[in-house]
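Below is one structure, written out as structure tokens, with a few remarks after it.
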Amino acid sequence: MDHPCEKCGAVVEDGRPFCQQCRAPQIHVQVAVQSAETAAAVNDAQGERSARVSEAGEVDPLSVLEPALSDRGRAGRVALKAGLLGAVLGIISPAIGVVLAGTLAVFFYRRQKGLTPSIRIASRLGGAAGIVSFTVDYLLLVIEIFAMHAQREYTDKFLKVWETLGYSPTDPQVQASVRMLLAPSGLMLTFVFGIIFAVILAALGGAVAALFSRPGSRR
């Protein structure tokens, strides 16, 4: 179908990019004009996603830190929840409770965000959950020893451990070592070493859970 040229009025066949007589372009691009409301909404959205750069070129640190703080807060809640559940399971076996705390941290993180964390993030989540789990179990142990006057009961337990290792429970050096472990300084030292092992075990549990939770890992 032919149409007249807008410049000279000559008849131009459809599909020709230029007029055969005056060489005026015949292809026009129509651009939709945004309404004022649409333009304002787009500008607002772009402003929120930007780093709030000022006229001097400075970046507002709050705009950069807000997403990171939100993710850290979510990760902290996940680690706390998993650590408390691990502490409950740690009543049966503290080591198993710590490992399960790291595994549960990955499970809760995946459930909240809908994706499996990387092995590095899973290790950190697991380590944090392990700290919570071990700390709660250890505080319960200290309360039981001092508040419920269970020093004698735990002394006998430690002496039996030494006996299984081949030492005599009546040896004065063995008894002195057990009393030192049940003293406040000994309990603090045990807590420090226990935290280190708890972080390692829980981090391994989180890393393994993330590894096996990845798509295609069961193939």
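Just so you know, all these numbers are worked out from the coordinates, no wet-lab data involved. Computed from a prediction, not measured in an experiment: that's the story for all the values here. Using ideal geometry, Cβ is built from the backbone for each residue, glycine included, and neighbour counts are taken over all protein chains shown.
Close amide H pairs (under 5 Å, H built 1.01 Å from N) link residue 12 with 3, 5, residues at least 5 positions away or on another chain. Using a simple spin-label model with pseudo-atoms 7 Å out from Cα toward Cβ, residue 111 and residue 146 lie 3.5 nm apart. Less than 5 angstrom separates the built amide H of residue 18 from those of 26, all sequence-distant by 5 or more or on a different chain. Net charge in the neighbourhood of residue 7 (other residues with Cβ under 15 Å of its Cβ; Lys, Arg +1, Asp, Glu -1) is +1.
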